[in-house]
Every structure is written in C-alpha cells, then in structure tokens.
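J.: So that we are looking at the same thing, I have put the structure below in structure tokens.
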Amino acid sequence: MTTIADKSDYSLFSNAFGYLRQPLDFKPVESDADVVVLGLPFDMAVSGRSGGRMGPGAIRNISTNLVWEEKRWPWDFRLFDHIKVVDAGDLVFDQGDAADFTRRAEDFATAIVKSGKTMLSLGGDHFVTLPLLRAHHKVYGKMALLHFDAHTDTYSHGSEYDHGTMFYTAPKEGLINVEHSVQVGIRTEYTKEGHGFQVIDAGMANEMTADEIVAQIKKRVGGMPLYVTFDIDCLDPAFAPGTGTPVIGGLTSDKALKVIRGLNGLNIVGMDVVEVAPSYDSAEITSLVAATLGLEMLHVWADSQGKIKK
C-alpha cells in the first residue's frame, strides 16, 4: 500500500499542505530544520486593495508545480538533499487586531531566529516585514536591507500600522543601516532628502543587466548581515497582477530571478516575499512567481551558507 509519505507515487496536487511539499511543523523551534517557512496572513495595513491575507495559502498551493524537478534549473544540486525546510503554517493572532499581530509576529520570529534557524516568510502586506526585522535585529544587530518594490515605503505621514512606513521606521529604530541598503524597482514618488538608501529605480533596472544590478548591490551591502524583502509589485503587472498596489513599468520575472540568483555569497540572514493578493491574480501567475522567488532564495541561501556538499 502506498502512503502519503511515499513521494515516488504522489499526484501533483494530492496532500500538498506545506510550501514546496515540505513537512508541516507547528513547533519549529524544537525541530532540526535549517529554514522555517512562516505564513503571515495579514492585510490590515494596506493603502490600496486588500486581499494579501490570502497570499500565503495561494503561494503554498501553487508551489506544488515547482517540486517535480529533482534539480531546480539552473542549479546543479538537489536543494533538499542539503538543507531541511519545515513549514510552520500561518501565524495565529486576534482577528482585526494589528497590535496583537505585530507582537505575535515579532515574538514568534524571535524564537525561531534565536534557535539558530533562518526564516522565509510569506505575506501578507508589506507591513509584516517590520516585526520580522525587529526579531532579526535581536540576533544579528543592525542589518543591510535589500528591498525590491515599486514603492520605497519610507513615507513619514502614515499610521503606526501602515505598509508604506516600515522603512521610515526601521532606520529610526536602528534595525537597518541605510548606508548599506538598496532598493530596486522603485517607480513612485519619494522624498530624496534624507532618504539614505541607494535606489536602483525601475527605469535604471530595466536598462541595466542583472549582473550590473548585482554588482551594485554587493558593493553596497558588503559583508553585513542582509535581510531580503521582495514586494511582488516590484514586478510589472504583466508578470504579477495579483497585488494591492500595482504600478506599470516594473521588472520582468526573468530579471528578478537572475538578480536573486546573483546574490550568492552575501550573508543573507532572513527573507520574505509579500503583497500577493490572489483575488486580483490571473491564472495564478502572481502566486507562481512569488513561490518561485522563494525557492530561488532558498537555493541562494543554501549555497551562500556552505550547505552544499558537492
């Protein structure tokens, strides 16, 4: 009799609960995992269209399409032969209570990071990155931030719980060093005075090669601990329509994947993919690109951490 644990004989969509079919573990701190995936079904901080709370589930569901390859192209190793990944499910918090979400997200992430594990978080609107940064700071100190987005999210006029203010708040709290941080894909208004971040805007990024973008990122970040956050609206809506605040003129999914792959060698300590709102998606393409970006981040992290024994 074939069991659900017999991976040689499952159908594509059967029993697909965890991200990339990785096992569910609701006590991840006690596990021997290298990486913990956490869903953050929160969208109470949006300024545009809501729906990001459904993002983690949509990303997990479509990720079943990414695990049939023994080796993920163009990598030359089998990722799960070298690292253990568990899916901790979605954060539980009091419905409608942004303050409770923020506390619980920080506490849960703190416990995971302090246990020596790395996190890949799935949003949720982009506000979720702020409590994650607070948690990572407790272990790694001030970090560099690599931020892919159409918006800088450095706006000072928003509320305490606002998906456009996290990277105004984070430097003020000492969580990140803007002098070693880069924002890629920006194509909306922001105040340049006192901004601090290096900005590779969408016009520049679309003219540059992926290698040129990576070279600037690596020069800026150096050897600092690096947190990578990818707002899916960094991509042009042709590649990612399912998001709350789409802006035309963004990056292609191909260029974004090439830039992520080029981060090999950097000291990545945390990662997230956010702002997937599946109710506005078409044929699940936004969820698919988000799931794929997460998988590429895992490959880069494993290779950069020396986990690959060739």
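The values are calculated or read from the model by the stated rules, or taken from the named source; none is laboratory data. Small disclaimer: the values here were computed from a predicted structure and weren't measured. Glycine also receives a Cβ, built like all others from the backbone with ideal geometry; neighbour counts cover every protein chain displayed. Quick note on the areas: whole protein, heavy atoms, side chains included, nothing else; ligands and nucleic acids left out. Shrake-Rupley method; radii C 1.70, N 1.55, O 1.52, S 1.80 Å.
J.: Report ³J(HN,Hα) in whole Hz for each residue of region 269-274, in order, from the Karplus equation J = 6.51 cos²θ - 1.76 cosθ + 1.60 where θ = phi - 60°; Gly and Pro get x.
T.: Those phi angles translate into 10, x, 8, 8, 10, 9 Hz.
J.: Also: Can you give me the relative contact order of region 215-310 as a percent, contacts being Cα pairs under 8 Å and 6 or more apart?
T.: 34 percent
J.: Can you find, among 91, 140, 122, the residue farthest towards the positive end of the dipole of region 68-142? Put +1 on the C-beta of Lys and Arg, -1 on that of Asp and Glu.
T.: After comparing all options, I get 140.
J.: While we're on this one: Per residue, how many Å² of accessible area does the chain show with a 1.4 Å probe?
T.: Normalised by residue count, the accessible surface of the chain is 42 Å².
J.: Still on this structure, I have one more. Please state the charge dipole magnitude for the chain, taken about the Cα centre, from unit charges on C-beta atoms (+1 on K and R, -1 on D and E), reported in debye and rounded to the nearest 20.
T.: So the magnitude is around 900 debye.
J.: Sorted by packing (mean other beta-carbon atoms within 10 Å per residue), highest first, where do 72-84, 115-127 land?
T.: Taking the mean over residues of other Cβ atoms within 10 Å, the ranking is 115-127, 72-84.
J.: Suppose a student asked you for the relative contact order of region 187-265, using Cα pairs under 8 Å spaced at least 6 residues apart; what percent would you report?
T.: The normalised contact order for region 187-265 reaches 35 percent.
J.: Then there is this: Too long at a 26 Å Cα-Cα cut-off: which of 192/258; 71/307; 27/218; 114/192; 172/258; 27/307?
T.: Numbers: 192/258 28 Å; 71/307 15 Å; 27/218 35 Å; 114/192 36 Å; 172/258 32 Å; 27/307 23 Å.
Table pairs above 26 Å Cα-Cα are 192/258; 27/218; 114/192; 172/258.
J.: Please name whichever of 19, 42, 68 sits farthest to the positive end of the charge dipole of region 19-77, dipole taken about the Cα centre and charges placed at Cβ: Lys and Arg +1, Asp and Glu -1.
T.: Of 19, 42, 68, it is 42.
J.: What trypsin sites (Lys or Arg not before Pro) in region 164-228 are in a loop by DSSP, with at most 12 other Cβ atoms within 10 Å of the Cβ?
T.: On the way: sites: 172, 187, 192, 218, 219, 220; in loops: 187, 192.
Taking region 164-228 and a limit of 12 other Cβ atoms within 10 Å, the loop trypsin sites (Lys or Arg not before Pro) found are 192.
J.: Can you compute the charge dipole magnitude of region 13-136 about its Cα centre, using +1 on each Lys and Arg Cβ and -1 on each Asp and Glu Cβ, nothing else charged? Give it in debye, rounded to the nearest 20.
T.: Roughly 160 debye, rounded to the nearest 20.
J.: Further question on the same structure: Could you rank 157, 151, 299 by how accessible they are, 1.4 Å probe, largest area first?
T.: The ordering from most to least exposed comes out as 157, 151, 299.
J.: Please list, or write none, the aspartates and glutamates whose alpha carbon is within less than 12 Å of the alpha carbon of residue 142, excluding same-chain residues fewer than 8 places away.
T.: Filter leaves 173, 179.
J.: If you don't mind, there's one more thing I want to ask. In terms of modelled amide H atoms, which long-range or inter-chain residues lie less than 5 Å from the amide H of residue 87?
T.: Residues meeting the amide H criterion: 24, 25, 37.
J.: Through the Karplus equation 6.51 cos²θ - 1.76 cosθ + 1.60, θ set to phi - 60°, convert the phi angles of region 178-184 into ³J(HN,Hα) values in whole Hz; use x for Gly and Pro.
T.: Along region 178-184, the couplings run 5, 6, 10, 10, 9, 10, 10 Hz.
J.: Using the Karplus curve 6.51 cos²θ - 1.76 cosθ + 1.60 with θ = phi - 60°, what ³J(HN,Hα) values do you get for each residue of region 73-80, in whole Hz, with x for Gly and Pro?
T.: My calculation for region 73-80 gives 5, x, 6, 10, 9, 8, 3, 7 Hz in order.
J.: Okay, moving on. Run the numbers on the chain and let me know its relative contact order in percent, using alpha-carbon pairs under 8 Å that are six or more apart.
T.: 21 percent
J.: Another question about this same structure. Leaving out same-chain residues fewer than 8 places away, which aspartates and glutamates sit with a Cα under 19 Å from that of residue 117?
T.: Qualifying aspartates and glutamates at Cα under 19 Å: 25, 30, 32, 34, 81, 87, 90, 106, 107, 272, 296, 303.
J.: Now, a different point. Using DSSP to define loop residues, name the GluC sites (Glu not before Pro) in region 178-220 whose beta-carbon has at most 14 other beta-carbon atoms within 10 Å.
T.: 189, 193
J.: Calculated from DSSP H runs of 4 or more alone, at -39500 (n - 2.57) each and per residue, what is the 222 nm mean residue ellipticity of the chain, nearest 500?
T.: -9000 deg cm²/dmol
J.: Using a cut-off of 13 Å between beta-carbons, work out the net charge of the residues near residue 186 (Lys and Arg +1, Asp and Glu -1, residue 186 not included). Write out the running numbers ahead of the final one.
T.: On the way: positive: 187, 192; negative: 149, 153, 189, 201, 231, 233.
Within the 13 Å Cβ shell, the charges total -4.
J.: Sticking with this structure for a sec: Round to a whole angstrom and tell me the spacing of the C-alpha centers of region 89-147 and region 181-242.
T.: First find each Cα centre; the distance between them is then 22 Å.
J.: For the chain, with the dipole built from +1 on Lys and Arg beta-carbon atoms and -1 on Asp and Glu ones, taken about the Cα centre, which of 161, 77, 263 lies farthest toward the positive end?
T.: Working it through, the farthest residue towards the positive pole turns out to be 77.
J.: When the accessible area of the chain is computed with all protein chains present and a 1.4 Å probe, what percentage of it is carbon and sulfur?
T.: The C+S portion of the solvent-accessible surface of the chain is 50 percent.
J.: Here is a follow-up. Nothing charged except the Cβ atoms of Lys and Arg (+1) and of Asp and Glu (-1): what's the magnitude of the dipole of region 73-138 about its Cα centre? Round to the nearest 20 debye.
T.: About 360 debye.
J.: Taking R0 as 22 Å, what's the FRET efficiency between residue 94 and residue 160 from their Cβ-Cβ distance, rounded to 0.05?
T.: The pair residue 94/residue 160 has a calculated efficiency of 0.85.
J.: Multiply the residue gap between residue 279 and residue 248 by 0.36 nm, knock off their C-alpha separation, and tell me the result in nm, one decimal place.
T.: 9.3 nm
J.: Give the ranking of 209, 169 by solvent-accessible surface, highest area first, calculated with a 1.4 Å probe.
T.: Per-residue accessible area, sorted high to low, gives 209, 169.
J.: Continuing with the same structure: Filter the chain for me: DSSP H helices, axial length by Cα at least 15 angstrom, mean Kyte-Doolittle hydropathy not below 0.0. List them by residue number.
T.: 285-304
J.: Right, another one. Which shape class applies to the chain: rounded if a/c is under 1.5, otherwise prolate when a/b exceeds b/c and oblate if not, where a ≥ b ≥ c are the square roots of the Cα gyration tensor eigenvalues? Could the numbers behind the result be given before it?
T.: Working: a/c = 1.36, a/b = 1.28, b/c = 1.06.
Rounded.
J.: Follow-up. Let me check I've understood the local charge: for residue 123, count other residues with C-beta under 10 angstrom from its C-beta, Lys and Arg +1, Asp and Glu -1. What total comes out?
T.: Result for the neighbourhood of residue 123: -4.
J.: Continuing with this model, one more query. Could I have the simple spin-label model distance between residue 49 and residue 81, label points 7 Å from Cα toward Cβ, reported in nm to one decimal?
T.: In this crude label model, residue 49 to residue 81 measures out at 4.2 nm.
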